[in-house]
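So the structure is just underneath, and the comments pick up after that.
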Amino acid sequence: MAHAANRKSSMTLFSSPSCWQSHRVRIVLAEKGVSVAICDVNLDNPPEDLLDLNPYNSLPTLVDRELVLYDSRVIMEYLDERFPHPPLLPADPVNRARFRLGLSRIETDWYRLLQQLDEVESRDEERECVRSTLRNSLTASAAVFAVKPFFLSKDFSLMDCSLGPLLWRLPHYGIELPSHARTVVEYGERLFSRPSFRQSLSAAERKMRA
């Protein structure tokens, strides 16, 4: 499928309709208003094009003319530089470094746990332990989500593009945040109401909160 947008390009995104890494790239594309052909891929039966382009056969994979990128963080930052408005990282190097560290911590502290939930899908006791760890970690960070309208910023950024898919998937993984983490829930609702977020959702992702 192709997303109608304000800026024409010859880009193709090979994307999983359900993985968070693909989702956050789709949010960036929608936020930037970039026209892109999105190819939904089942990695159990990948297209030959992807096998030829990406030695790791991983998703997402972005093709922009002769350039092929296949790391979601690299893709996001490339898109932010290629289409600089609206900016999704600060202009000054000190704050850019802080935001990059924040992105790394989101992946290490929270997305690592979602990955573990997928890996222990058939082991209920381990699954509940991981769910509890993620729930408690997000709850312990509730005050941080209340500081500014977006995550540690007054402006929407790549950190929000990364946190949106995480929070959207919590019900899918059976995680309900307690009432004293309402700032996290309210932050998520602000992200979910953005047109770019709504546009980024695949049919599979919409079903996660049906």
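Taken together, the values in this text are just the output of simple stated rules run on the coordinates, not laboratory data. Worth saying up front: this structure is predicted, and the values here are computed from it rather than measured. Quick reminder, even Gly has a Cβ in these numbers, built from the backbone with ideal geometry, and neighbours come from all protein chains shown.
Points worth noting:
- Scoring 173-182, 80-89 by mean Cβ neighbours within 10 Å over their residues and listing the highest first yields 80-89, 173-182.
- Summing charges over all other residues whose Cβ lies under 12 Å from the Cβ of Arg135, with Lys and Arg as +1 and Asp and Glu as -1, gives -1.
- Computed per residue of the chain from DSSP H runs no shorter than four, each worth -39500 (n - 2.57), the mean residue ellipticity at 222 nm is -14500 deg cm²/dmol.
- Estimated Rh, the stretch 1-106: Kirkwood, alpha-carbon pairs, angstrom: 14.3 Å
- In the stretch 93-199, the alpha-carbon atoms span a convex hull of 103 Å³ per residue.
- Packing-based order for 10-22, 137-149, 53-65, using average beta carbon neighbours within 10 Å, highest first: 10-22, 53-65, 137-149
- Counting only Cβ charges, +1 for Lys and Arg and -1 for Asp and Glu, the dipole size of the stretch 2-88 around its Cα centre is about 400 debye.
- Principal axis dimensions, the chain - Cα atoms, whole angstrom, descending: 48, 43, 30
- Summed residue charge, Cβ within 11 Å of Arg194's Cβ, Lys/Arg positive, Asp/Glu negative: -1
- Reachable aspartates and glutamates from Lys32, criterion Cα separation under 17 angstrom, eight or more residues apart if same chain: Asp64, Glu77, Asp80, Glu81, Asp155, Asp160
- Backbone amide hydrogens, once placed in the peptide plane, bring Ile38 within less than 5 Å of Ala2, His3, Leu13, excluding anything fewer than 5 places away on its chain.
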